[in-house]
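**Q** Please find one structure pasted underneath; my questions will follow.
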Amino acid sequence: MLTRTPFTKYHGQGNDWLVVAEKHVPAHLYEFARAILDRHTGAGADGLIVIMKPVARGHEARVRFINADGSEAEMSGNGIRCAGLHLLERAPRKRILTIETPAGIKTLEKAKSIGGKQAFRVHMGAPILSAAEIPFEPAEAASPILRFPLKTHTGDLPVTVTSMGNPHCSLFVADFDDWLRLGHEIEHNEHFPHRTNVEFVRVVSKGEMEVRFWERGVGRTHSSGTGSCGATVAAILNGLTERRVRVRTEAGTLEVEWREGGEVILTGPAEKVMAGTYLYRG
């Protein structure tokens, strides 16, 4: 059966997403996601965002984030900015957007443009530091989880484990040798029952870091919003940076602030790339 599915493509600092309205999503969502996200035989992207009607009155939308392998993510900091830009096309005068996600309600504020692109400040919520809630095993591990000796093919590596609604494992490195192999290995480590995102962090100064991202269900991505937040929280917990940090990704810079005793604020741009119709044979 041939289904014609209209989609729009966006990216948030090189992390690209296809946005589709729920009414246009064929049955078997995960199989559809794998097909449309394939970079050789589909439209191609890191992930799929499904836009749905909100549950609560006054909210702009409810969204789901599907990874390239067909698994579902609780949250995406770059993806939600792409969703926000999509929603602004229907309500261009809006200054604040409230979006329901599997990781809770997130608020986006329009910010000053960055490089000619619409930018948003995303209220990401407070980081989750409890092992049981991340989740990380053993669930009884002391919180926060700092410098935990994680077994890898290179030996035990000290990692810091957090969650921004999705799990993150951050390693502080001097360079980025062998990080792709390590990222794949750590994603599937037995300590993470739901797998994990992995950040390789090179601290440049108290206010700046450079990061490489291995994302659960995707692999290497050019940037990650929740990953940038997780890396920043990990750096602050380890006393390596101040509470406001510029995060240099392979595709550009994001700004992260972890307010004292409160939530994390992520600031970055989103850009519309294309719109089209995908012919799904499913």
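Rule-based calculations on the coordinates, nothing more; no lab input. Since the structure is predicted, the reported quantities are computational estimates derived from the model, not experimental observations. In this analysis, Cβ positions are derived from the backbone assuming ideal geometry, glycine residues included, and neighbour counts consider all displayed protein chains.
**Q** How many angstrom separate the Cα center of region 74-105 from the Cα center of region 1-35?
**A** 16
**Q** Shifting gears a bit: Helix 77-88 versus the longest principal axis of the chain: what is the Cα-based angle in degrees, 0 to 90, to the nearest 10?
**A** For helix 77-88, the angle is close to 30 degrees.
**Q** Charges only on Cβ, +1 for Lys and Arg, -1 for Asp and Glu: so what's the dipole of region 145-262 about the Cα centre, in debye to the nearest 20?
**A** Working: 14 positive and 16 negative charges, 38 e Å.
With only Lys, Arg, Asp and Glu charged at Cβ, the dipole is about 180 debye.
**Q** Something else about it: Using unit Cβ charges (K, R positive; D, E negative) and no other charged atoms, how large, in debye to the nearest 20, is the dipole of region 56-135 about its Cα centre?
**A** Its charge dipole is roughly 640 debye.
**Q** Where does the charge balance sit around residue 95 when Lys and Arg score +1, Asp and Glu -1, over other residues with C-beta under 9 Å from its C-beta?
**A** Working: positive: 93, 94, 110; negative: 109.
Once positives and negatives cancel, what remains is +2.
**Q** Distance between the C-alpha centers of region 108-144 and region 209-261? Whole Å please.
**A** 10
**Q** Around residue 1, what is the net charge, scoring Lys/Arg as +1 and Asp/Glu as -1 over all other residues with Cβ under 15 Å from its Cβ?
**A** Taking every Cβ under 15 Å from that of residue 1, the sum is +1.
**Q** For residue 53, what is the net charge nearby, where nearby means another residue's Cβ is under 12 Å from its Cβ and Lys, Arg count +1, Asp, Glu -1? Spell out each step's value before the answer.
**A** Numbers: positive: 23, 57, 62; negative: 22, 60, 100.
The answer is 0.
**Q** Now for a different question. For Cα extents along the principal axes in Å, several values are listed as (1) 65, 46, 36; (2) 49, 49, 37; (3) 50, 39, 33; flag the one computed from this structure.
**A** Computing Cα extents along the principal axes in Å and matching it to (1) 65, 46, 36; (2) 49, 49, 37; (3) 50, 39, 33 gives (3).
**Q** Using modelled backbone amide H atoms (1.01 Å from N, in-plane), which distant-in-sequence or interchain residues come within less than 5 Å of residue 114's amide H?
**A** 119
**Q** Another question, then. So for the chain, averaging the separation of alpha carbon pairs under 8 Å that are six or more residues apart and normalising by length, what relative contact order in percent results?
**A** Taking the mean separation of contacting Cα pairs over the length of the chain, I get 23 percent.
**Q** Let me know the charge dipole size of the chain about its Cα centre in debye, to the nearest 20, where only the beta-carbon of Lys, Arg (+1) and Asp, Glu (-1) is charged. Could you put the intermediate results ahead of the total?
**A** Details: 35 positive and 33 negative charges, 286 e Å.
Dipole of the chain, to the nearest 20 debye: 1380 debye.
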